[in-house]
Amino acid sequence: MNTSAPETTTLDIEGMTCASCAAFVEKSLTRTPGVQSALVNYATEKATVQYLPDQASPNTLKEAVVKAGYGVTERAPDTSAADRQAAIDKQKAQAYQQLKRRFWVAVGLSVVIMPLSMLMLWPALMQRINMQTLNYLLLLLTLPVLLYSGREFYASAWNGFRHRAANMDTLIAVGTGAAFLYSLAATVAPGWFTNRGLMPEVYYDTTATIIALILLGKVLEQRAKTQTSAAIKTLLGLQAKTARVVRPGGQEIDVPIEQVQLHDVIVVRPGEKVATDGVLLEGTSAVDEAMLTGESLPVEKQPGDPVFGATLNKTGSFRFRVTKVGADTMLAQIVKLVEDAQGSRAPIQRLADKVSAIFVPTVIVIAILTFVLWFDLAPVESRLPLALVNFVAVLIIACPCALGLATPTAIMVSTGKGAEHGVLIRSAEALEKAYQVNTVLLDKTGTITRGEPAVTDFAAAPGQDAARLLQLVAAVERQSEHPLAAAVVRYADAQHYTALPATDFRAVAGHGAAATVEGQTVLIGNRRLLTAEAIALTPELETHAQQLLSQAKTVLYVAIDGQGVGVLAVADTVRDTSAAAIRQLQQQGIEVVMMTGDNPQTAAAVAGQVGITRYFAEVLPQDKASKVLELQAEGRTVAMVGDGINDAPALALADIGLAIGAGTDVAMEAAGITLMRSDLQGVVTAIALSRQTIRVIRQNLFFAFIYNTLGIPVAAGLLYPVFGWLLSPMLAAGAMALSSVSVLTNSLRLRGFTAR
Amino acid sequence: MDTTEILVTLGGLGLAAYVIWYFFFSTRHITTAVSGSGGIQAVAITVKGGYSPDVIEVEWGQPVQLSFYRAEDNSCSEELLIPDFSIRRELPAFQTTLVELLPQQAGRFEFTCGMGMLRGSLVVK
Ligand SMILES: [Cu+2]
């Protein structure tokens, strides 16, 4: 490791009273030896310092600040993402409680105000009650609704107005404010109205009910919103809280996860969570990685295998060495990727964005024009109330929040859902692209096939004990480092044969390997080894070998004490799930095309095995990208599925790239979607998820647009001359409250998404 | 048309014109980020019914540190979105939230609240 790489730290500075203090602290930090740069922010009281760790340390930095006359607040050991989220959650919970209180106050008063206002509809009752007194009573009841329950709308509208930003609160504030002020005037100075031949009507019920209904909408909205981000919270909650660290002395102690350092050795017992990422040192076990990869079967782990934080140890006890902590861990990277995707905007949202940007001012103008037209055209005696009611109705119904929520909520739910299935979506745009795909281009090796050789056939010469033979061969191959040898060992291990010791191991370069096992000389290698050692094969084995060769498999020959006794065939095998996944893609109307570096015969064999009709054979690695272009030239929208770095250009060129089995490196720059699971099922899930998400978004946008485009003209009274329809402001408020809630609820349906 | 109608009509049209001018055509103040000695461009933004300042000019290729102080607990501003940089943050009320980004190309990048109602923009030169 390069020790001179600069490190960055953040200090909380105490005692700064002005911007020049900040400049002073900054200067003294900059002058400290080893500091490359320092930036002090007066507003946040934080210093961000970049320093060389071999010349400076957080301690010397602190000394420099103290020498300058200021203090450094000791921070609690780095608060984890989960803690930060918990703090935000607590604050949100409090805000939600307050919102509910304000809502119930508004409801409580509205249910009193409503019937009292209705009294005026009974002429018999009106005779006996003084209208003036009643109006003052209503005013008294409405004031708390306005000042306590609705305070936020007026404050926000005013703040927004000063920023030349108008939001939904502006509309509600102007609407209810106008209704209230009119009522107030009618209460205080009824004479002014009666003198002009107008009834001094009051709209306290409208004011109070609108506020209650809008608050109802907000309460429901808040509740639904917490559910949209539930996936991230679940992911963060997976993190282990403590780790059992083995100290150099050998004793084991439990420490908080934040204190775990690189190169620590950690013990994990059955049933425990793996604390962080690392490499297994001793012990074997099966680990459930479903939370990270979506793979439901536990993964066997042996010394040397990577283990990941937040996964669940099922069977054995093991020790591992920590290789990653904090933000570098796989879980943290997944959380970051999901958060990034949730922050991105889908192209489909752009129109809605443009609309909502100009929406509120436009609605205000429409409302003003509505008022003017009604005032000018309605009969004189009712023109003012009619103009007012329609003005308020337009303002209230036009709230565009449903439009703003349509896409982001769906994206939030579906990216979270994807992560649950081991499908990491990089951005909302990637999700939208995946929806349009009609052709999937698969790189054979590592996607359709496992990408590593496996023993497919094993035959012993007549009279030989096959089990015994395999045991001998495995003993030799265990010593070898050749990739094919690993395949043989895996095959033998899978049959649970006991390992035998081998001596006098020698690798014969380009030929194979030899060793002595239990007194017998065992040779394993290719044809050239046989020739070099002048070993003959029995005719049966010879025909068998020819047969295997014709299937494009690699053949290994086994000889014991100079006698050819067996053949093994090794090939890259098709994954169990490939054929089913490809069939599912084809059923969705997607053409699946394969490409491979293999010769046409092998390509045809694999393609036939998994049901692919179109394939490119003998594609050189550097030509993969041009195959993508070739398909795009046919007018197709191409999803490229590849398993790694060498596929990067093709992944980047495709309309959407899906990196498969990138379990060890989440940060796949070239791919729009990363599949944590090493099989094609993830491709099916990704495409199905994107299709469902875009469908939901379209429904949301349709609802929101329809609602506003139909709602506004009705509220303005456009249908009045034809049908005599007017929209009561209270009805508008109810509809408005439900609009965003229905969009949210529709998005939440994505939580029910299940991969087939 | 009586006098009241004429007055209401003229008043209404005038008000409508004012709303259009105020929201769409009035000039906005542009704030330039202050570059610290580390080359980090820092801007403090107050969130209260909108973003002030709401138009921020930064240099291309230099890290930008935006500190958002949310001076209200109104739910409208609780989320901050900078879609071009894939940033979504929750802004806790009465707290400062740091957002760091690296503008790698020139252009105008919007930041908005969760519903897209409050708006500001980052002008990268
Ligand atoms: Cu709304």
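Every residue, every condition in (1) within 9 Å of another protein chain (Cβ to nearest Cβ); (2) within 30 Å of A:T709 (Cα to Cα); (3) of a type in the set (A, V, I, L, M, F, W, C), yes or no:
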residue: A:D353; (1), (2), (3): yes, yes, no
residue: A:R383; (1), (2), (3): yes, yes, no
residue: A:C401; (1), (2), (3): yes, yes, yes
residue: A:R450; (1), (2), (3): no, no, no
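Evaluate the following for A:T370: is it open to solvent by less than 50 Å² (accessible area, probe 1.4 Å) and either in a helix (DSSP H, G or I) or free of Cβ contacts under 8 Å to residues at least 12 places away in the same chain (or both)?
Numbers: open to solvent by less than 50 Å² (accessible area, probe 1.4 Å): yes; either in a helix (DSSP H, G or I) or free of Cβ contacts under 8 Å to residues at least 12 places away in the same chain (or both): yes.
Here the answer is yes, as A:T370 does meet what is asked.
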(request) Being under 40 Å from the mean Cα position of the chain (by Cα), at positive phi and open to solvent by 40 Å² or more (accessible area, probe 1.4 Å) is the filter here, so list the residues in the stretch A:21-73 that pass it. (result) A:E45
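This table checks each residue for (1) within 16 Å of the ligand (Cβ to nearest atom); (2) modelled with pLDDT of 80 or more; (3) crowded, with 23+ Cβ neighbours inside 10 Å; (4) more than 36 Å from the chain's Cα centre (by Cα).
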position	(1), (2), (3), (4)
A:R450	no, no, no, no
A:F458	no, yes, no, yes
A:G463	no, no, no, yes
A:Y491	no, yes, no, yes
A:H496	no, no, no, yes
(request) Read through the list (1) open to solvent by 40 Å² or more (accessible area, probe 1.4 Å); (2) away from the ligand (no atom under 16 Å from the Cβ); (3) assigned to a helix (DSSP H, G or I), then give the number of the only condition that A:I694 fails. (result) (1)
(message) Would you confirm, using the coordinates I've provided, whether A:G217 is away from chain B (no Cβ under 14 Å), crowded, with 16+ Cβ neighbours inside 10 Å, within 16 Å of the ligand (Cβ to nearest atom) and among the small types (G, A, S)?
(response) no
(request) For residues that are more than 30 Å from A:V49 (Cβ to Cβ) and more than 9 Å from chain A (Cβ to nearest Cβ), tally how many sit in the stretch B:31-54. (result) 0
(message) So for the stretch B:64-73 (the condition being open to solvent by 50 Å² or more (accessible area, probe 1.4 Å), within 8 Å of chain A (Cβ to nearest Cβ) and closer than 28 Å to A:K100 by Cβ), does at least one residue qualify?
(response) yes
(message) Looking at (1) more than 16 Å from the ligand (Cβ to nearest atom); (2) within 14 Å of another protein chain (Cβ to nearest Cβ); (3) open to solvent by less than 20 Å² (accessible area, probe 1.4 Å), which one does A:W192 not meet, given that it meets all the others?
(response) (3)
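Which of the strands (runs of 3 or more DSSP E) found entirely inside the stretch A:545-596 contain at least 2 residues meeting this: of a type in the set (S, T, N, Q) and more than 27 Å from the chain's Cα centre (by Cα)? Walk me through how you get there before you give the answer.
Numbers: elements: A:554-560, A:563-574, A:591-595.
Once the strands (runs of 3 or more DSSP E) in the stretch A:545-596 are filtered for at least 2 residues that are of a type in the set (S, T, N, Q) and more than 27 Å from the chain's Cα centre (by Cα), what remains is A:563-574.
What are the residues in the stretch A:289-321 that are surrounded by fewer than 17 Cβ atoms within 10 Å (Cβ to Cβ), under 25 Å from the mean Cα position of the chain (by Cα) and within 22 Å of A:Q333 (Cα to Cα), if any?
A:S296, A:P306
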(message) With aromatic (F, W, Y), modelled with pLDDT of 85 or more and within 24 Å of A:T370 (Cβ to Cβ) as the only criterion, which of A:Y136, A:Y154, A:Y203 stands out?
(response) A:Y154
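To keep it simple, each residue is scored yes or no on (1) more than 16 Å from the ligand (Cβ to nearest atom); (2) at pLDDT 80 or above; (3) surrounded by fewer than 19 Cβ atoms within 10 Å (Cβ to Cβ).
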{"residue": "B:L80", "(1), (2), (3)": "yes, yes, no"}
{"residue": "B:F85", "(1), (2), (3)": "yes, yes, no"}
{"residue": "B:R88", "(1), (2), (3)": "yes, yes, no"}
{"residue": "B:L98", "(1), (2), (3)": "yes, yes, yes"}
{"residue": "B:L102", "(1), (2), (3)": "yes, yes, yes"}
{"residue": "B:A106", "(1), (2), (3)": "yes, yes, yes"}
{"residue": "B:F111", "(1), (2), (3)": "yes, yes, no"}
{"residue": "B:G116", "(1), (2), (3)": "no, no, no"}
{"residue": "B:L122", "(1), (2), (3)": "yes, yes, no"}
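Each row is one residue, and each column tells you yes or no for (1) buried (at least 20 other Cβ atoms within 10 Å of the Cβ); (2) within 14 Å of another protein chain (Cβ to nearest Cβ); (3) within 16 Å of the ligand (Cβ to nearest atom).
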site	(1), (2), (3)
A:L171	yes, yes, yes
A:V174	yes, yes, yes
A:E201	no, no, no
A:L235	yes, no, no
A:Q251	no, no, no
A:V255	no, no, no
A:E258	no, no, no
A:L262	no, no, no
A:V267	no, no, no
(request) Filter the stretch A:710-756 down to the residues that are open to solvent by 70 Å² or more (accessible area, probe 1.4 Å), in contact (Cβ under 8 Å) with a residue 40 or more places away in the chain and more than 22 Å from A:M114 (Cβ to Cβ), then identify the one that is nearest to the ligand (Cβ to nearest atom). (result) A:T745
(request) Among the candidates A:I411, A:I396, single out the residue that is buried (at least 24 other Cβ atoms within 10 Å of the Cβ), of a type outside the set (K, R) and within 16 Å of the ligand (Cβ to nearest atom). (result) A:I396
(request) With the checklist (1) closer than 29 Å to A:V40 by Cα; (2) within 14 Å of chain B (Cβ to nearest Cβ); (3) at pLDDT 75 or above in hand, flag the one item A:D83 doesn't pass. (result) (3)
(request) Report whether or not B:E79 is acidic (D, E), touching a strand residue (DSSP E or B) at 6+ places or on another chain (Cβ under 9 Å), within 22 Å of A:V360 (Cα to Cα) and more than 7 Å from chain A (Cβ to nearest Cβ). (result) yes
(message) Please determine whether any residue of the stretch B:24-47 is modelled with pLDDT of 85 or more, touching a helix residue (DSSP H, G or I) at 6+ places or on another chain (Cβ under 7 Å), open to solvent by 20 Å² or more (accessible area, probe 1.4 Å) and among the β-branched types (V, I, T).
(response) no
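The values are calculated or read from the model by the stated rules, or taken from the named source; none is laboratory data. All values reported here derive from a predicted model rather than from experimental measurement. Quick reminder, even Gly has a Cβ in these numbers, built from the backbone with ideal geometry, and neighbours come from all protein chains shown. Note: accessible area is taken over every heavy atom of the protein model, side chains too, but ligands, DNA and RNA are not part of it. Shrake-Rupley method; radii C 1.70, N 1.55, O 1.52, S 1.80 Å.
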